[in-house]
Amino acid sequence: MYVEERGSKTKPAIVFIHGGGVAGWMWRQQLEHFADYYCLVPDLPEHGRSIDLEPLELRDCAQCIADLITAKVPSGKAHVVGHSLGGKVVVELLALRPEVVDRAVAASALFGLPALLNLFHKPWIYRLATAMLKRDALLALTAKQLKFPDEFYLENGLNALRRLSPETMFRIFDQLVQYQSIPQ
């Protein structure tokens, strides 16, 4: 799994875990703000520079993050921050290996998804969605809805959407649908 490292290992560590369909680049502004920390930013399987690693599984991602912290952080503990799919990875990490987590933030982890979502969670829906995301007009509309703050995010966001395969999109949402409650 690709991991970007910033800062000194002598500083407190933060692991930033991105949402589904994007990659570690989404944390660029946070990395600038937390320059006084040792920051680790992985690209989850099937995303960014880890796009060839598959399949995406929350438990495997959580184990990889735990192994990353154990291998890279001298204290063996880090703050972890996850958004959306990354938030689910944080929750799974807390259930699987809480001893490697100092503090955790899981934003938009989407627990308790409506049962109606299951009606639309079909492989053909994702084939249609990814085919539509290849069209420039729809990409422009998607970019407008996502409100990318600048050209960097726009370019990276659109490239990420273009690279999504139907199978990856299905697996991302499959993980979201499967984890309806916080693991015990």
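Side notes on the structure shown:
- For the stretch 23-36, the set of residues classified as touching a Phe, Trp or Tyr at 6+ places or on another chain (Cβ under 9 Å) and not in a helix (DSSP H, G or I) consists of A23, F34, listed by residue number.
- One residue stands out among those in the stretch 14-57 that are of a type in the set (D, E), out of contact with any His (no Cβ under 8 Å at 6 or more places or on another chain) and closer than 18 Å to E92 by Cβ: the one that is modelled with the lowest pLDDT, which is E54.
- When we screen K134, K122 for residues that are touching a Lys or Arg at 6+ places or on another chain (Cβ under 9 Å) and at pLDDT below 90, the only hit is K134.
- Checked against the criterion of being under 22 Å from A13 (Cα atoms) and surrounded by fewer than 16 Cβ atoms within 10 Å (Cβ to Cβ), the candidates G87, G76, G82 yield just one match: G76.
- Only one of G82, G157, G86, G76 that is modelled with pLDDT under 75 and touching a helix residue (DSSP H, G or I) at 6+ places or on another chain (Cβ under 9 Å): G157
- Annotation note: of C39, C61, the sole residue that is in a strand (DSSP E or B) and touching a Leu at 6+ places or on another chain (Cβ under 6 Å) is C39.
- Looking across the stretch 7-33, just one residue is closer than 20 Å to A104 by Cβ and of a type in the set (K, R), and that is K11.
The values are calculated or read from the model by the stated rules, or taken from the named source; none is laboratory data. None of these values were measured; they are calculated from a predicted model. Please note: Cβ atoms are built from the backbone with ideal geometry, for glycine as well, and neighbour counts cover all protein chains shown.
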